[in-house]
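Enquirer: I have a structure I would like to understand better, so I am pasting it below and will then ask my questions one at a time.
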Amino acid sequence: QLQASGGGSVQAGGSLRLSCAASGRAFSSYAVGWFRQARGRERELVAAISRWSGSGTYYADSVKGRFTISRDNAKNTVYLQLNSLNTADTAVYYCAAALLGRVGREADEYDYWGQGTQVTVSS
């Protein structure tokens, strides 16, 4: 089970940190991705991190240099640090876990999904 949290309303240029907390002892063996879905748009992968040490990461071009994904296996949690937010980042953000372990770029590569957390950026 995945629990996403940390969303909120911020002004452009602001920051948020999203958390994806998991139950179960095997969380470190899952790759984790953060997706987002804006109103009227398809769900898109924002960032992903590989299993274990998280040495492999992926970022969408739109967030490179602004967002950082990391994981703390001792806390069964993956974080997404969002900096320099702009209005285009407004969306519901979902975390998802993949048994495959490697960074996947497609939603159907992920096996478990959290409930989503709303991020709203105002100008």
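Enquirer: May I ask for the net charge around V92, where only other residues with Cβ less than 11 Å from the Cβ of V92 are counted and Lys, Arg are +1 while Asp, Glu are -1?
Expert: Once positives and negatives cancel, what remains is +4.
Enquirer: Which percent of the accessible area of segment 1-108 is formed by carbon and sulfur heavy atoms (probe 1.4 angstrom)?
Expert: 43 percent
Enquirer: So with the 1.4 Å probe, I'd like the accessible area per residue for the chain, rounded to whole Å².
Expert: 52 Å²
Enquirer: Please give the peptides 99-106, 37-44 ranked by average Cβ packing (other Cβ atoms within 10 Å per residue), highest first, as a rough proxy for protection. Before the final figure, lay out each step's value.
Expert: Details: 99-106: 14.2, 37-44: 10.6.
Sorting 99-106, 37-44 by mean packing, highest first, produces 99-106, 37-44.
The values are calculated or read from the model by the stated rules, or taken from the named source; none is laboratory data. Values in this document were obtained by computation on a predicted structure and should not be read as measured data. All Cβ positions, glycine included, derive from the backbone under ideal geometry; neighbour counts span all protein chains shown. Each accessible area value is taken on the protein alone, full model and side chains, heavy atoms only, with ligands, DNA and RNA left out. Shrake-Rupley method; radii C 1.70, N 1.55, O 1.52, S 1.80 Å.
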